[in-house]
Amino acid sequence: MLSRDYLREHADEYRTALKNRGANVDIERFLELDGERRRSIVSVEQLKAQRNSASQEIATLKKNKQDASSQIEAMKRVGDEIKVLDDRLAQIEEEFRNLEIGFPNVPHESVPVGVDESANRVERTWGEKPSFSFAPNNHWDIGDALGILDFERAAKVTGARFAFLYAGAAKLNRALMNFMLDVHERQGYTEVLPPFIVNGDSLFGTGQLPKFEEDLFRLRHEKPWYLVPTAEVPVTNIHRDEILDAAKLPIHYTAYTPCFRSEAGSAGKDTRGLIRQHQFEKVELVKFTLPDTSWEEHEKLTRDAEEILQLLGLHYRVVTLSTGDMSFASAKTYDIEVWLPGQDTYREISSCSNFTDFQARRANIRYRAGEKQTRFVHTLNGSGLPLGRTLVAILENYQQEDGSVIVPEALRPYMKTDRIR
């Protein structure tokens, strides 16, 4: 959520931001309501001052045993006017709130302007594409041949976009989880195991509600509970409605969770294999920082996610998302895209975002900036990494002509083997 002062004082700047994002929100109605709201507040305060003055006058007249009926009648009319204005202010505030929670964040000045992913900018690459003496297979064929991925039985048990992982794949998945958490702990993150069910307030705080409810799995329960779409939600909300000690910032957390997404609107896209599942697992990175250091921390967070791929020896590139391709809450996002030779393309494997104070305003997460002054923190998060997509990258990049898959050296202490057969 954005500061009302910013929207009021930088309306032209925000109109440009909305145009660059391709966002269709009614800033003009917001400004119109803002003006009416402020005028109404002034009128209410003036009427209340009149009522207070009249009350004192009535008290004096009664004390002197004088007639106060005309003053009482006038005060009643003032009270009626106050009620009308208070009712209107409540209506304005409701519409005001509904408008402002739909306003996206302001893109950072370094973000490329464009309507979609075609305007994304490649920042850097790491490693080299592997070469093969044979035509490389995609991961679902590799998994089927090794007997370690089973989509058909998962569809029978649950439905489309679910999978069973057996033997080497299941063990690789578990190894990746432990490996990632160990690396991030070494990088200075505190490991958290959060709840896998969250309430509506938590999803509002990080920006999933109300805009993206169709992509969530809501439980049939008397409480508004949802399965987590990402660990970003419970971990960011650890400090909801709190005032943090500035001396303890930045705070760095890493968390493993399963993630659940309905993938609304993605029909026909990446339906084969493990790329776009309704249930997947992820290790997430979350930071709470001072505003002055958040951009430096954003670069560090991205490098921390990159280190996982480097240790696994996987070729990737880092891309800055354009204004039209960023998420609703983000001010700047780096996507890390890993090379998948079996599909002959790069695929997103991590998004590392700086939300500035956008989420903190929604979740009311502040820090004490002085003896009496508080300010909103900046929040950041990134995938470090999704287990399924990393498993896909290993299967496709380390596949061998005999059908086996070499285990990256960094994972061998966890796997207790150097090859999946």
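For the range 210-314, report the accessible area per residue in Å² (1.4 Å probe, heavy atoms, rounded to an integer).
Details: 4850 Å² over 105 residues.
Spelled out: the 1.4 Å probe surface of the range 210-314, per residue, equals 46 Å².
Each peptide among 30-43, 391-404 gets the average number of other Cβ atoms lying within 10 Å of its residues, and from highest to lowest they stand as 391-404, 30-43. Averaging Cα coordinates gives a centre for the range 331-376 and one for the range 224-289; these two points are 11 Å apart. Note on the range 49-103: semi-axes of the ellipsoid equivalent to its C-alpha gyration tensor, largest first and rounded to whole Å, are 38, 9, 5. When the Cα positions of 310, 246, 271 are compared along the charge dipole of the range 219-320, 271 comes out farthest toward the positive end, with charges on each C-beta of Lys, Arg, Asp and Glu. Each Lys and Arg Cβ is given +1 and each Asp and Glu Cβ -1; about its Cα centre, the range 89-193 then shows a dipole of about 600 debye. The Kirkwood hydrodynamic radius of the range 184-337, based on inverse pair distances between different Cα atoms, is 17.1 Å. Under 10 Å, Cα contacts only: if you run a Gaussian network model on the chain, which one of 309, 203, 411 comes out with the highest mean-square fluctuation? Taking springs between Cα atoms under 10 Å, the residue moving most is 411.
Taking only the Cα atoms of the range 44-172, the ratio Rg/Rh comes out at 1.53, with Rh defined as the Kirkwood radius.
If you place +1 on the Cβ of every Lys and Arg, -1 on the Cβ of every Asp and Glu, and leave all else neutral, what size is the dipole of the chain about its Cα centre, to the nearest 20 Debye?
Using Cβ point charges on Lys, Arg, Asp and Glu, the chain gives about 1040 debye.
Ordering 112, 69, 162 by Cα displacement along the dipole of the range 34-169 toward the positive end leaves 69 in first place; charges were set at the Cβ atoms of Lys, Arg (+1) and Asp, Glu (-1). The mean of 1/r over all pairs of different alpha-carbon atoms in the range 103-252, once inverted, gives a Kirkwood hydrodynamic radius of 20.3 Å.
Near residue 244, the amide H atoms lying under 5 Å from its own belong to 366, 367, 368; only residues 5 or more places off or on other chains count, and H is placed 1.01 Å from N.
For residue 11, the shell of other residues with beta-carbons less than 14 Å away shows a net charge of -4, using +1 for Lys and Arg and -1 for Asp and Glu. Please give the length that would be gained between residue 19 and residue 211 if that part of the chain were fully extended, namely 0.36 nm times their separation in residues minus their C-alpha to C-alpha distance (nm, one decimal). Extra length available between residue 19 and residue 211 comes to 67.2 nm.
So if the hydrodynamic radius of the range 318-389 is defined as the Kirkwood radius over C-alpha pairs, what does Stokes-Einstein give as its diffusion coefficient at 20 °C and 1.002 mPa s, in µm² per second? Present the calculation step by step, with values, prior to reporting the outcome.
On the way: Rh = 14.1 Å.
After rounding, the answer is 152 µm²/s.
Each Cα pair under 8 Å and six or more residues apart adds its separation to the average, and for the chain the resulting relative contact order is 20 percent.
Compactness of the range 350-421 is given as radius of gyration and Dmax, 21.4, 68 Å, from Cα positions.
One chain, two ends: residue 94 and residue 156. Fully extended at 0.36 nm per residue, the span grows by 17.7 nm beyond their Cα-Cα distance.
Taking the charge dipole of the chain about its Cα centre, with +1 at Lys and Arg Cβ atoms and -1 at Asp and Glu Cβ atoms, the residue from 379, 205, 336 reaching farthest to the positive side is 205.
Normalising by the residue count of the range 346-393, find the relative contact order in percent from Cα pairs under 8 Å and 6+ residues apart.
Numbers: 57 pairs, mean separation 21.8, N = 48.
Across the range 346-393, relative contact order equals 46 percent.
The charge dipole of the range 305-367, taken about its Cα centre with unit charges on the Cβ atoms of Lys, Arg (+1), Asp and Glu (-1) only, comes to about 400 debye.
Report the Rg/Rh value for the range 295-421, based on alpha-carbon coordinates and the Kirkwood definition of Rh. Walk me through the intermediate numbers first.
Working: Rg = 18.7 Å, Rh = 16.7 Å.
For the range 295-421, the value is 1.12.
In a Gaussian network model over the chain where Cα atoms closer than 10 Å are linked, find which of 387, 89, 227 has the largest mean-square fluctuation. Of 387, 89, 227, the most mobile in the Gaussian network model is 89.
Taking the radius of gyration and the Kirkwood hydrodynamic radius from Cα positions alone, what is the Rg/Rh ratio for the chain, to two decimal places? That ratio is 1.12, to two decimals.
Taking the average, over residues, of other Cβ atoms within 10 Å as the packing measure, peptides 256-263, 6-13, 18-25 rank 256-263, 18-25, 6-13 from highest down.
Looking at the range 165-268 from every direction and averaging, what is the projected area of its Cα convex hull in nm²? Taking a quarter of the hull surface, the average projection is 9.2 nm².
Under a 5 Å amide H cut-off, with hydrogens placed 1.01 Å from N, residue 277 pairs with nothing among residues at least 5 apart or on other chains.
With an 8 Å Cα cut-off and a minimum separation of 6 or more residues, compute the relative contact order for the range 238-380 in percent. Let's see the in-between values first.
Values: 228 pairs, mean separation 39.4, N = 143.
After rounding, I find 28 percent.
Whole-Hz Karplus values for the range 387-403 come out as 5, x, 5, 5, 4, 4, 4, 5, 4, 7, 7, 10, 5, 10, 4, 7, x Hz, taken residue by residue from phi with 6.51 cos²θ - 1.76 cosθ + 1.60 and θ = phi - 60°; glycine and proline positions read x. Note on the range 234-324: the C-alpha convex hull projects to 8.7 nm² when averaged across all orientations.
Length gained on full extension, residue 201 to residue 74: 41.2 nm, using 0.36 nm per residue less the C-alpha separation.
The values are calculated or read from the model by the stated rules, or taken from the named source; none is laboratory data. Please read these numbers as outputs of a predicted model, since none were measured by experiment. FYI the Cβ positions are ideal-geometry reconstructions off the backbone, even for glycines, and counts take in every protein chain you see. Accessible surface is based on the protein model in full, side chains and every heavy atom, while ligands, DNA and RNA are left aside. Shrake-Rupley method; radii C 1.70, N 1.55, O 1.52, S 1.80 Å.
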